[in-house]
Amino acid sequence: MLVQRHAQHARGFGSIGMSLAHTQTDPDDHDSSAFETGGAMAQLVQQSVGSQAIRAAALQAVAALPQSASRKQKADAVWHWVHTHMTLVPHEELACEFAGRCDGQAQFLMSPELALRVGKGDCAIYTPLVCSMLFSVGVPCRMIPVAADSTDRRRLSHVYAAAVLEDGSLYPLDASHGPRPGWQTPTPRREVWPVFGLPLW
């Protein structure tokens, strides 16, 4: 029932010091697979804290804002930067291209640094990128997994970031599928996962 996870280098990128991971989904235990994937995503964000590449991208995103900018203003800027600089690609294609897993059964993950380099990903790649950029400009972040599949409203099938605003409220930042910052998909099941603190696995 546990999801197998390992790190490797991306094909064609050589030894660039950026980690990749792919998680093998368990078709019989969707929640365990989702929790394991969430834990791996949180770990990738943690490892990206202090990254010069992430910091540079985040500063570029908020460059037009005043020093007194609110967390919401910074979150909006990060959402727009990621939304316009990244291309949405199904996870099946990513797993096949980078990990050689072309059976459609693997959830592929990559570090936020590598996501910047390749410029594409799915929601599980966008979310760590958004969170790492937010943390680098002083905005706390949570991960929001949701049941977005209309054929199975119990299974956690999508994830996005949410900024923690000054009043403690969560501000959704679905940069992969959302039409604007603050939007979130209607769903009967939505959870809030930390990036630091309580482990998910």
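The values are calculated or read from the model by the stated rules, or taken from the named source; none is laboratory data. It should be emphasised that the depicted structure is a prediction, and the values quoted were computed from it without experimental measurement. Note that we place each Cβ from the backbone using ideal geometry, even for glycine, and neighbour counts take in every protein chain shown.
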Inset, instruction - Select from segment 135-173 the residues that are out of contact with any helix residue (DSSP H, G or I) (no Cβ under 9 Å at 6 or more places or on another chain) and among the acidic types (Asp, Glu) and list them in ascending order. - result: Asp149, Asp167
Legend entry - Residue among Ala124, Ala163 that is assigned to a strand (DSSP E or B) and not β-branched (Val, Ile, Thr): Ala163
Legend entry - Selection from segment 132-147 of residues that are assigned to a loop (DSSP other than H, G, I, E, B) and either of a type in the set (Ser, Thr, Tyr) or surrounded by 22 or more Cβ atoms within 10 Å (Cβ to Cβ) (or both): Val139
Inset, instruction - Could you tell me whether any residue of segment 157-165 is more than 15 Å from the chain's Cα centre (by Cα), surrounded by 13 or more Cβ atoms within 10 Å (Cβ to Cβ), at pLDDT below 95 and over 29 Å from Glu97 (Cα atoms)? - result: no
Inset, instruction - Give me a count of the residues in segment 76-94 that are modelled with pLDDT of 95 or more, farther than 13 Å from Val137 by Cβ and of a type outside the set (A, V, I, L, M). - result: 5
Legend entry - First in segment 78-105 and assigned to a helix (DSSP H, G or I) and buried (at least 19 other Cβ atoms within 10 Å of the Cβ), second anywhere and modelled with pLDDT of 85 or more and not hydrophobic (A, V, I, L, M, F, W, C), Cβ under 6 Å, 6 or more apart: Trp79/Pro181; His91/Asp122
Legend entry - Which numbered condition Gly182 fails, given (1) closer than 21 Å to Gln73 by Cα; (2) surrounded by fewer than 22 Cβ atoms within 10 Å (Cβ to Cβ); (3) in contact with a helix residue (DSSP H, G or I) (Cβ under 6 Å, 6 or more places away or on another chain); (4) not aromatic (Phe, Trp, Tyr): (3)
Legend entry - Of the criteria (1) more than 18 Å from Gln46 (Cα to Cα); (2) at pLDDT 95 or above; (3) hydrophobic (A, V, I, L, M, F, W, C), which one Leu116 fails: (1)
Inset, instruction - Out of the residues in segment 38-77 that are outside any helix (DSSP H, G or I) and not hydrophobic (A, V, I, L, M, F, W, C), state the one that is surrounded by the most Cβ atoms within 10 Å (Cβ to Cβ). - result: Ser51
